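Below is one structure; the comments refer to it alone.
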Amino acid sequence: MFDNKNGGIDRRGMLECMVWVGTGVLWTVQGGVPKSLGLLGEAKAQAAPGAFTFMQISDSHIGFNKPANPNVLGTLQEAIDRIKAMPTKPDFMIHTGDISHLSRANEFDDADKVIGSAGLDVHYVPGEHDMIDEDNGKAYMDRYGRRAGAKGPGYYSFDAGGVHFVGLVNVANLKAGGMGSLGEEQLAWLADDLHTKSASTPIVVFAHIPLWTVYPEWGWGTEDSAKALDLLKGFGSVTVLNGHIHQLMQKVEGNVTFHTAMATAFPQPQPGTAASPGPMTVPAERLRSLLGVSKVEVRRGQKQLAIIDQPLAES
Amino acid sequence: MNNYAKRRGGRHIVLALGLLAPVLLLLPPGRGPVAAAPDVAEVRIDNFTFSPAELTIKAGTKVVFRNSDDIPHSVVMASVGVHSKALDTDDTFSFEFNTPGTIDYFCGLHPHMKGKIIVVPQMNDH
């Protein structure tokens, strides 16, 4: 909650202190009726124009039913319910892939129903679990890619609130012994997509597998991500949102902030702490502290986007 | 393994082989001597690993890939253009290897998972 990155108290921090002391009441006018906002969350709703919020959700794995979480549809619903209950409604959501577990139609249907109950637009990219229908990804493209105007296995871009969003696919045409892969065709498209954007345009790139090398022994990285990051070098603000590893990780390198989200389905072990990167079974009372969503705030006048991770329950 | 049993006057060799055969059958499949007899061999998938990682079989053997992991995997043999469907827990994929040679394969979902099938020629009976 505290913006320690800016080295001290900021407007929001001051408001929060004031609320705690009981002196802070923010008045705002909505529809001509003055309304006091006692909660800090509501106070953010009146942030400066040009600011907006979106959600990152990831790895819902609808269709999974093993001990690590026998009810992934239930935990996805909990995540969506939390989003619905937010005092400030986000503008839209990004899903960083593994929507389904086995690319089955009923799995996609169930996911769509639950995610749709948030009443928000959702921008998807596929995970490797979304590419395993008989036609190796056609089910995903038919359902999600086409309506986004996506190319190839599902890459596309869109603009919102002055920010340029790019959805990349690094789970298609995987080669032996490797990690994720973007491929030359997608990289050429990316170069073309970016070259008309000014250096001051904030860029958000989202893809399933991390676009930096988290742990190659488990395939947690993208072989040709360096080429993509090279294309992003000239931009003042770049945020990379990924999933796949089912745990939070964040890294800042110059103007680029990398962030991986929790899953809504099941946690996975930290790199090297288990025999394999598969589903990690934890005591039932601990599960919800390892699942969750992330809220991303674009703040006017601030280069870096703020990412606030929200587990389904506190640990 | 040469079968000398049908050669005339080879009884002493047959006896020696009769003692050896159970030992050979006990050898695990994989690197080293080819196990006696099986037409079917198994590769087990568990913990994001193919076991055995290297399997040596005679031409004509059918290999059954069995997924015992709690995550789906698949089998991709690029050199023979084979791409299995995704295998959920307890699903299997079978493939008969008829041609001697080495076939590398990997998991289509998790390409860092790799394995190798070494196909040796079937020996002719004399």
Filter the GluC sites (Glu not before Pro) in the range A:98-156 to those in DSSP coil with at most 13 other Cβ atoms within 10 Å of their Cβ, and list the result. A:E134
Starting from the Cα of A:E185, move 7 Å in the Cα-to-Cβ direction to define the label point; list residues of the range A:131-152 whose amide nitrogen is under 12 Å from there. A:151-152
The distance between the Cα centres of the range B:91-126 and the range A:96-153, in whole Å, is 33
Let's see if you can work this out: charge +1 on each Lys and Arg Cβ, -1 on each Asp and Glu Cβ, no other charges. What is the dipole magnitude of the range A:48-311 about its Cα centre, in debye to the nearest 20? 740
Within a 10 angstrom radius of the beta carbon, how do A:S200, B:S68 rank from fewest other beta carbons to most? A:S200, B:S68
Would you tell me the mean number of C-beta atoms belonging to other protein chains that fall within 10 Å of each C-beta in B:110-120, as a whole number? 4
FRET efficiency, B:N47 to A:Q302 (Cβ-Cβ, R0 41 Å, nearest 0.05): 0.40
Using modelled backbone amide H atoms (1.01 Å from N, in-plane), which distant-in-sequence or interchain residues come within less than 5 Å of B:V82's amide H? B:M77
What residue among A:M262, A:S198, A:T213 has its Cα farthest toward the positive end of the dipole of the range A:48-311, where the charges are +1 on Lys, Arg and -1 on Asp, Glu, each on the Cβ? A:S198
Backbone HN-Hα couplings from phi across the range A:294-308 [Karplus 6.51/-1.76/1.60, Hz, Gly and Pro as x]: 10, 9, 10, 10, 9, 10, 4, x, 10, 5, 7, 6, 9, 10, 10
Using r as the Cβ-Cβ distance of B:H83 and B:D39, and R0 as 25 Å, what FRET efficiency do you calculate, to the nearest 0.05? 0.55
Residues B:Q122 and A:Q250, FRET efficiency given R0 of 51 Å [Cβ-Cβ distance, rounded to 0.05]: 0.35
How big is the range A:60-207 along each principal axis, measuring the range of its Cα positions in Å and listing the largest first? 45, 44, 25
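Since every read-out is calculated from the coordinates, none of them should be taken as a lab result. Given the structure is predicted, the values throughout are model-derived calculations rather than measurements. All Cβ positions, even for glycine, are placed from backbone atoms using ideal geometry, and neighbour counts span all protein chains on display.
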